[in-house]
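One structure is given here, and the rest of the page talks about it.
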Amino acid sequence: MRTFFNYLIALTMASALVGCGKQSRSTSEGDRTANALASYVAPGEKDEYYLFYSGGHSGQVFVAGIPSMRHISTIPVFAPYPATGYGFDDESKKMLGEFTWGDVHHPALSQTDSKYDGRWLFVNDNANNRIARIDLRDFKTHQILGPIPNSIGNHGSSFITENSEYILCGTRFSVPLPKGRVADPNDYAKEFKGMLSGIKVDQQTGEMKVGWQILTPPFDWDLGSTGKGPSSGWAFWTSYNTEMAHDTLEVNSTQKDRDLAAVVNWRAAEKAVADGKAKTMDGVPIIDPVEVPGVLYFVPIGKSPHGMDVDPSGKWIVAGGKLQPATTVLNFEKIQAAVNNKTFEGDANGIPILKYESVVEGEVPVGLGPLHTQYDGKGFAYTSMFIDSNITKWKMPPWNDAEKKDTNKVVLDKVPCHFSTGHLVVAGSDTKNPYGKWLVAMNKLSAGRHVNVGPSQPESSQLIDISGEKMKMIAEAYTEPEPHFAQILKVTDAQPAEVYPKAENKDPDAVWEKTETGVTRNGNQVVAKVIAIRSRYNPDRIDAQVGDDLTVHVTNVEQTRDMIHGFGLIEQNVSIVIDPGETKTFHLKLTKPGVFPFYCTNFCSALHQEMQGYLVVRNAGEAPATGGASTAQK
Ligand code: K7E
Ligand code: CUA
């Protein structure tokens, strides 16, 4: 086993080293011009698609344009981000709670009828068991749900159902439940539990709450996907530790040739809860699938699989076996027949295992290290190959007899990637009508393809044109660590606002006129209501005392696009940013005397530098020189 892994590692390293230090020109002159034009977006022109990248352990989401691959903005989600004031004002601070980081893996655009509806983007936090909702009206995080009870390692998410009814999540880790209970890891198989969760989404507001959960054996649930069309109401997850090992997983979880994937009837789970068949743990209705048959089935998948992706028709489900040089293609109609006819090959922990031969359409020899598969909606699949470091294009079923007999025949094209592709995304692959055309490979190693920036290297992404018979490598770009998955949305399929309309500002502490501004005191509670406008704050002085609780509400009264103001307060660790029409609030316990300048952090006008003021903090009992903290300053 050890040697096998060393072999894999060696292969990976070998592929990574190819580009090292070499100024390789992999493209001919003619192609260089054509490729440059294909991704060129001239000054003043705009991209055709949004690319929403997960930012991995940066806790953020990156927005780039396609085809230019230019980074356009960063949406902070699970980590403070001073550039937009996220994590400094009361509202975002409260959303972040006790955590200042998260690990964003899989963004999911909201869907209606299995098509993107341009309303929300949901992302999971692998680290602290949370799900966040970004509103595409303002490209900002509006809700963070979690930590989700009874769920540890929220990696196998966020998978959205066809009408955004649920975000479905699977646990990467298992622990003794409920959380807080301690058992010995030596008793892993008996004492530890995994969980699949249905997070209910309000259809009008997008507000999420925990709906129900399905208790599972302590397999390590991995990537999943939701059904549509014929597989409507179902969901699928791979797992990589059917062995239920609790140590040296590299060896101990790779013993079996096939791991068990989950086939979940989430509609049945929903109904079981409505029928009162769930028990409550930590406030959540939990279904034990052994006691409620018909909710959960297993299907064997080779070997140590990672991705499991439903195609646009909803009939085919493709899983990539990291340690098997093939993808496994399941036929949902066969799955349904096997469920109905009870074509089982035994059970695992009381859960029926669907007979492999009865549900599989074929194994496609795509190469080494297949991870994730995406679809163009025209009958072709694209699989990322971690070890071979390429994207492999192959033909989806239905296959003719010759293809069925020799699935080598359905493998059509390969394009090398640099290096070791993890996820890939085809525009709209998880909808019933993919946009096709573009594929982005998210590579795990950039290995010196860029100018040397020292040992901490960015991740590389490559844009591939898939509109023709052969794939064409067009461009590459770099991001901070680390994109796992992404979603591509046609720009015309979202309608973001350019300013917050004044009429929609419902903040009770918003102030729009100079006469409404000022500083008031009630005991040791000091409240400042401030207007920000080019190029001053009103008031530009706030008086207070040591020991005060200071609350500052700042309203940016501008209604002009891109007229953003900041409020940076020196030596108080405050950086808020207020967009046009927005009100932001921050709190500060004043602990030290002094005069603390505040200033606008966003360059807003020729007199931006003059946009400043003072927070004057005296020792308690010291008479203010002018006005006084209790006097409204106008
Ligand atoms: Cu979706 Cu990177 Cu979390 Cu695959 S994971 S590569
Ligand atoms: Cu306002 Cu700079």
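Contact map, the range 289-311: first residue closer than 18 Å to S358 by Cα and free of Cβ contacts under 8 Å to residues at least 12 places away in the same chain, second residue within 16 Å of ligand 1 (Cβ to nearest atom) and open to solvent by 10 Å² or more (accessible area, probe 1.4 Å), Cβ cut-off under 8 Å, separation 6 or more or different chains; the map is empty. Q633 falls short on exactly one of the conditions (1) closer than 22 Å to K514 by Cα; (2) at pLDDT 95 or above, and that condition is (2).
Do you know which residues across the range 166-204 are assigned to a loop (DSSP other than H, G, I, E, B) and either hydrophobic (A, V, I, L, M, F, W, C) or free of Cβ contacts under 8 Å to residues at least 24 places away in the same chain (or both)? Within the range 166-204, F173, L177, G180, R181, V182, A183, D184, D202, Q204 meet the criteria. Close Cβ contacts (under 7 Å, 6 or more residues apart or on different chains) running from residues in the range 241-262 that are more than 25 Å from L354 (Cβ to Cβ) to residues that are hydrophobic (A, V, I, L, M, F, W, C) comprise E250/F5; V251/M1; N252/A245. Residue pairs whose Cβ atoms lie under 6 Å apart, sitting 6 or more positions apart in sequence or on different chains, and linking a residue in the range 375-390 that is modelled with pLDDT of 95 or more and part of a strand (DSSP E or B) to a partner that is small (G, A, S) and crowded, with 22+ Cβ neighbours inside 10 Å, are Y375/A381; Y375/S429; M385/G369. Any residue that is away from ligand 2 (no atom under 15 Å from the Cβ) and part of a strand (DSSP E or B) - is there at least one of those in the range 572-582? Yes: one or more hits. Scanning the range 470-492 for residues that are away from ligand 1 (no atom under 16 Å from the Cβ), out of contact with any Lys or Arg (no Cβ under 9 Å at 6 or more places or on another chain) and charged (D, E, K, R) turns up K472, K490. Filtering the range 248-274 to residues that are in a loop (DSSP other than H, G, I, E, B) and either on the phi > 0 side of the Ramachandran plot or in contact with a strand residue (DSSP E or B) (Cβ under 8 Å, 6 or more places away or on another chain) (or both) leaves T248, D257. What do you reckon, is K395 open to solvent by 10 Å² or more (accessible area, probe 1.4 Å) and touching a helix residue (DSSP H, G or I) at 6+ places or on another chain (Cβ under 6 Å)? So K395 passes the test.
Quick check: is even one residue across the range 532-539 open to solvent by less than 20 Å² (accessible area, probe 1.4 Å), more than 10 Å from ligand 2 (Cβ to nearest atom), part of a strand (DSSP E or B) and at pLDDT 95 or above? Within the range 532-539, one or more residues are open to solvent by less than 20 Å² (accessible area, probe 1.4 Å), more than 10 Å from ligand 2 (Cβ to nearest atom), part of a strand (DSSP E or B) and at pLDDT 95 or above.
Could you tell me whether A235 is modelled with pLDDT of 95 or more and of a type in the set (A, V, I, L, M)? For A235, the condition - modelled with pLDDT of 95 or more and of a type in the set (A, V, I, L, M) - is met. Is there any pair linking a residue in the range 120-140 that is free of Cβ contacts under 8 Å to residues at least 40 places away in the same chain to one that is within 14 Å of ligand 1 (Cβ to nearest atom), with Cβ under 9 Å and at least six apart or on different chains, and which? Cβ pairs passing all conditions: N129/G153; N129/N154; N129/C169; N129/T171.
Total residues in the range 583-597 satisfying the condition of being part of a strand (DSSP E or B) and either open to solvent by less than 30 Å² (accessible area, probe 1.4 Å) or closer than 14 Å to I542 by Cβ (or both): the figure is 10.
The values are calculated or read from the model by the stated rules, or taken from the named source; none is laboratory data. Owing to the predicted nature of the structure, the values given are computational and were not obtained by experimental measurement. Positions of Cβ are generated from backbone atoms using ideal geometry, with glycine treated the same way; all protein chains shown enter the neighbour counts. Accessible surface areas use protein heavy atoms only, side chains included; no ligands, DNA or RNA. Shrake-Rupley method; radii C 1.70, N 1.55, O 1.52, S 1.80 Å.
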